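Notes to accompany the following structure.
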Amino acid sequence: MKLIFEKSVPGRHCDLLPKCDVPYAALPEALRRETAPALPEMSEVDLSRHYTELNQRVHGVNCGFYPLGSCTMKYNPRIDEDMAALPGFAGVHPLAPAYAVEGCREVLDTAARYLCETTGMDGMTFQPAAGAHGEFTGVLLIKQYHEKRGDFNRSKIIVPDSAHGTNPATAAMCGYDVVNIPSAPNGCVDLDALRAVLGEDTAGLMLTNPNTVGIFDENILEITRLVHEAGGLCYYDGANLNAIMGHVRPGDMGFDCIHMNLHKTFATPHGGGGPGAGAVGCKDFLQEFLPASALMDGEGRIQLRSFAGNFLVVVRALTYLLTLGREGIPEASQNAVLNANYLMRRIQGSFDLAYDRICMHEFVLDLSRYKAETGVSALDVAKSLIDYGMHPPTMYFPLIVHEALMLEPTETESKETLDWAADIFRALYELGKTDPETMHEAPHHAQIARPDEVRAARNPVLRWQK
Amino acid sequence: MNYPNELKYSRDHEWVRMEGDIAVIGISDFAQDALGDVVFVNLPQEGDAATAGEAFGDVESVKAVSDLVSPVSGTICAVNEELLDAPERLNEDPYGAWLIKVEGITGTEELLDAADYQAMAEQG
Amino acid sequence: MSYIPSTQAERQEMLRAIGVESFRELYRDVPQEMLLERPLDLPEGMSELEVQRVMSGMAAKNRIFPTMLRGAGAYDHFIPAIVRSVPAKEEFLTAYTPYQAEMSQGVLQSIFEYQTMICELTGMDVSNASVYDGASAAAEAAAMCRDRKRRVTLISAGAHPDTINTVRTYCYGTGDELRIVPLKDGKTDPEALREMLTPEVASFYLQQPNFYGQLEDAEALGALVHEAGAMVVMGCNPIALGILKSPAECGADVAVGEGQPLGLPLGFGGPYLGFMATTTKHMRKLPGRIVGETVDAKGERAFVLSLQAREQHIRREKASSNICSNEALCALTAAVYLATMGPEGLAECARQCMAKAQYLREGLCAIPGVELVYGGASFHEFVTTLPRRDEVLAALEAAGILGGLPIDEGVLWCATEKVSRTELDRAIAIVKEVLAK
């Protein structure tokens, strides 16, 4: 379809502002812009149709199945949007006087109470704008803690090789050397490998549990004990929190701080890439290191961004938390685990499971044998799913499984959706054995055929030009 | 796969050709094949130091990035800037598309001849 | 209520299909001693109607001011109806990051269009798909300018206090130094800057207009920085860019800014939008997602996430930034806003902001006891002295007007196109009345 710039017609516009009712001010010549920005010139109907056309080329979780592993694509309730749009929230200036923002403070305090109780933490900040931003905050808590004690020799953060890329990237942003440790054959932390790297230079460990292959690490208490014994702290990556809410808490596993992705676990919409919100919780002894806003709260603390964070995302998450409440929160997790296990068993017998055991909220298929036999790769299967209107699972992650497809159905999918999805996987399994060519060329009925990513990277075209 | 006999190879899949006192360095045919379509090369600047066993740059494919590890220590005296605009040359002609030249060589990793390198590379 | 469609009977059927007796068995890898054997200490769940009551009750505890004369990093602009409606569409709203290009062309194209608009607005060559907000954009820009030899970052004392503190925090992370360039008469002191531009300086961050509303001589300051071999990062107000010299015209190497004025509500501070653009030369150092144009297997135009080898999921600990999720929906909002305003609408909006601020400034400064603190050219913010400050601001608030922000130097006022002359006259009259008592 055409770009908005290609639809632009000189002279078209929308009537938005009244005539200026005060005299114009003069901008000194030296400060004036020389060339006007070539923004689109559109009527409102042009705009409405353009964005409707674009919107028809988007697949959201509210429109169909989206089993994107590690992303917790659960249904985004509409009431959350209504609450975030209330003028009493949307119209609040972040620097309004304290008496005028009591409702906002109540939202943040209530959300903090719910999330502390759910994770076993004592304090919470909502300043981080996303998961990775939360990781950065959490590891800075660890850094400040060691330095406050006068311990400047802790230079290393330990990260398992199954971790998300954000974990090692975060550690590096905090000035730490990253020590990658290999996983045990069952995908969990290899205790011997951990022991071998722990020492006086250990600042901390970053871990998610259940881990990225969807397995709860049963040695978790031993892991966090070993790290603490070496003088390090334990950071919990909340990417997989949706498996365990109300059943087991990171704080009870021995973690000292944690980030949560409100846009995953707490059902706030991801908006095609953001905004998210990365709430960070910590145990009491780390509370003094939590961030603040220089302008709102005064100097002296770390700060990750302006003001108090993605507040309207917190409003949505709180609406969701209040709705679920005491029984609904654990129920969501256990049904997320139920759905994942059910889908896994329904697919089993076609593609290989990377780990054949009870999983948590997600599981990994290993297509390396299938690819060797048929030539059909995980990519081919993923692309074939698109023709059925299903968003593909996460591909080629975690890195410890080759030809990986990682599925996370979440609790908001019905049994018939899971049956439908499993039947498609099974059908594709058969198709690849007889007609691999069709799958190499998939998708066949999508918005586009496979894009040429090599061309995009070699000759970057990153903006429209006349 | 092509392994020219006149070159020496490192275990990190770089080749080395000596031109007098200067070492010319590139990546092997095996390496370019494993990388797939190369889309960008991060290269150092002339005058930078190269250290044997350490990265002097990296090479990107669409979904991966790999360090370029120097087999020798010395001073980088030339950089093949043509590759910045035409990284595909590394796929098309890996032994023609050199990366850097190093002079004032003070140390060298243990290098393999073509047959030993081929054996190492293809055994994985 | 938990948005789970399956019935109890279906759940039992699924448990049987898995081959377990109970939900408890699904958690058998969790060591017994860790299982939470009590209910969460939280209230019971609520129906939608109850939740709506509770949340609306909290919203009602906030005080909303119909007239806003406060900015300081969050600006109350007019938001056209279509700018609200487009990002509320179910598909845009509930999609994840466009990892699968074949089913995400709408998101990808909208980002590509956003990138183009940011390039047009800033005059730069390349924009990313957004970062968290203006302050973190400044911090990311400073990080992208540092190399092995040049590690020190300079920032003008005229930057927003939250920006300075955020850049300081990012520098603390990597162990790098931040030095603050002082002001003279409310603007960056060029002599001080010249002296601070030592060979280890990587970049200088300048906010335009600065926190005090003053318009900096960005071109001249930038020239000093370039003479010293360092890079110029400019933090811009995007509405002002409708009429103000663009960062590219000022010679900036990186342009960043807070995109909130482009159609995003105040929302007690977020979600906002960090925009970030640079020159082709520094393209591969730009953090975050970038969408590129290519063709598909049939030769048709297609958009993809591009240059991904810069990013954390590939480069891991060698990535210069860990950013993953950004503010895509806010970027979409900004793009719809810019397309709705168009070049002339944006310029008119900027002119009206300036005009209203001038009217307010002149009206306030005609009152005995109220004086302008910094006299240089300004955009839509300015600082005045204000006797009996708390009393005056309280009187304004009682009349539904949020006055300027109290700061050390006095009061930082702001006016946008949204306030009418009538509202401004009323505000001026109230200040006059209180001070005449």
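Every number here is computed from the coordinates shown, using simple stated rules; none is lab data. None of the values given here were measured: they were computed from a predicted structure. Quick reminder, even Gly has a Cβ in these numbers, built from the backbone with ideal geometry, and neighbours come from all protein chains shown.
Could you state the principal axis extents of the C-alpha atoms in the protein assembly as shown, from the largest down, to the nearest angstrom?
Reported extents, whole Å, longest axis first: 92, 80, 62.
Starting at 0 and stepping by 10 Å, how many percent of the alpha carbon pairs of the range C:398-437 end up in each bin?
24, 55, 21, 0
Quick one, can you get me the convex hull of the C-alpha atoms of the range A:22-67 expressed as volume per residue in Å³? The partial results should precede the final answer.
Numbers: hull volume 9.6 nm³, N = 46.
Cα convex hull per residue, to the nearest whole number: 209 Å³.
No other cysteine beta carbon under 4.7 Å away is the test; run it over chain A and list who passes.
Within chain A, the cysteines lacking a partner Cβ under 4.7 Å are A:14, A:20, A:63, A:71, A:104, A:116, A:174, A:188, A:234, A:359.
What is the dipole size for the range A:78-322, taken about its Cα centre, with +1 at each Lys and Arg Cβ and -1 at each Asp and Glu Cβ, in debye to the nearest 20? Working shown, then result.
Values: 16 positive and 28 negative charges, 84 e Å.
It works out to roughly 400 debye.
Rounded, prolate or oblate for the range C:8-60? Axes are the square roots of the Cα gyration tensor eigenvalues, ordered a ≥ b ≥ c, and the cut-off for rounded is a/c under 1.5.
Numbers: a/c = 4.78, a/b = 1.86, b/c = 2.57.
Oblate, because a/c is 1.5 or more while a/b does not exceed b/c.
With N denoting the number of residues in the range A:272-388, provide Rg(C-alpha) divided by 2.2 N^0.38 Å, to two decimal places. Can you show the working numbers first?
Details: Rg = 21.7 Å, N = 117, 2.2 N^0.38 = 13.4 Å.
For the range A:272-388, the normalised Cα radius of gyration comes out at 1.62.
Please work out the Cα center distance from the range C:357-374 to the range A:324-348, rounded to the nearest Å.
63
Treating the Cα atoms of the range C:148-250 as identical point scatterers in vacuum, please give the log10 of the normalised Debye intensity I(q)/I(0) at q = 0.16, 0.20, 0.21 Å⁻¹, two decimals.
Log-scaled intensity ratios, in q order: -0.65, -1.01, -1.10.
Once a ≥ b ≥ c are taken as the square roots of the eigenvalues of the Cα gyration tensor of chain A, is the result rounded (a/c under 1.5), prolate (a/b larger than b/c) or oblate (a/b not larger than b/c)?
Details: a/c = 1.66, a/b = 1.08, b/c = 1.53.
The shape class here is oblate.
Just to be sure I understand: if I project the alpha-carbon convex hull of the range A:312-466 onto a plane and average over all orientations, what area do I get in nm²?
On the way: hull surface 52.7 nm².
That works out to 13.2 nm².
How much mean residue ellipticity at 222 nm does the protein assembly as shown get from its helices, if each DSSP H run of length 4 or more adds -39500 (n - 2.57) and you divide by all residues, to the nearest 500 deg cm²/dmol?
On the way: 35 runs with 372 residues, N = 1027.
Theoretical 222 nm ellipticity from helices: -11000 deg cm²/dmol.
Using the alpha-carbon centroid of each, what span in Å lies between the range C:129-177 and the range A:46-119?
28
Residue C:134: net charge of surrounding residues, Cβ under 10 Å, Lys/Arg +1, Asp/Glu -1, itself excluded? Could the numbers behind the result be given before it?
Numbers: positive: A:305; negative: C:133, C:162, C:258.
Surrounding charge for residue C:134 is -2.
Could you please report the charge total around residue A:178, scoring K, R as +1 and D, E as -1 over all other residues with beta-carbon less than 10 angstrom from its beta-carbon? Before the final figure, lay out each step's value.
Values: positive: A:156, C:316, C:318; negative: A:177, C:317.
Within the 10 Å Cβ shell, the charges total +1.
Taking the Cβ of residue C:178 as the center, what net charge do the other residues with Cβ under 15 Å away carry, scoring Lys and Arg +1 and Asp and Glu -1?
-1
Rounded, prolate or oblate for the range B:1-85? Axes are the square roots of the Cα gyration tensor eigenvalues, ordered a ≥ b ≥ c, and the cut-off for rounded is a/c under 1.5.
Values: a/c = 1.70, a/b = 1.17, b/c = 1.46.
Judged from the Cα gyration tensor, the range B:1-85 comes out oblate (a/c at least 1.5, b/c at or above a/b).
According to the Kirkwood expression over distinct Cα-Cα pairs, how big is the hydrodynamic radius of the range A:61-132, in Å? Let's see the in-between values first.
Numbers: mean 1/r = 0.0664 Å⁻¹.
For the range A:61-132, inverting the mean 1/r across all distinct Cα pairs yields 15.1 Å.
Can you pull the mean other chain C-beta count within 10 Å for peptide C:243-252?
Values: counts 5, 4, 7, 5, 0, 2, 4, 1, 0, 0.
For peptide C:243-252, the averaged partner shielding equals 3.
Sort C:136, A:384 so that the residue with the fewest other Cβ atoms within 10 Å of its own Cβ comes first and the one with the most comes last. Don't skip to the end; give the middle numbers.
On the way: C:136 32, A:384 25.
Fewest to most other Cβ atoms nearby, the residues stand as A:384, C:136.
Please give every one of the lysines within straight-line cross-link reach of residue A:74, meaning a C-alpha to C-alpha distance under 22 Å, and leave out same-chain neighbours fewer than 8 residues apart.
The reachable lysines, counting only those whose Cα sits under 22 Å from residue A:74, are A:264, A:383, A:415, C:89.
Mind checking which aspartates and glutamates have their C-alpha under 12 Å from residue C:184, skipping anything on the same chain fewer than 8 residues away?
Answer for residue C:184, where 12 Å is the Cα cut-off: C:216, listed by chain and number.
For residue C:432, list the lysines whose Cα falls under 23 Å from its own Cα; do not include residues on the same chain fewer than 8 positions away.
C:356, C:418
Counting Lys and Arg as +1 and Asp and Glu as -1, each charge on the Cβ, what is the dipole of the range C:382-427 about the Cα centre in debye, to the nearest 20?
Details: 5 positive and 8 negative charges, 29 e Å.
With Lys and Arg at +1 and Asp and Glu at -1, about 140 debye.
So what's the gap between the Cα centers of the range A:403-466 and the range C:294-322, to the nearest angstrom?
Centre-to-centre distance over Cα atoms comes out at 17 Å.
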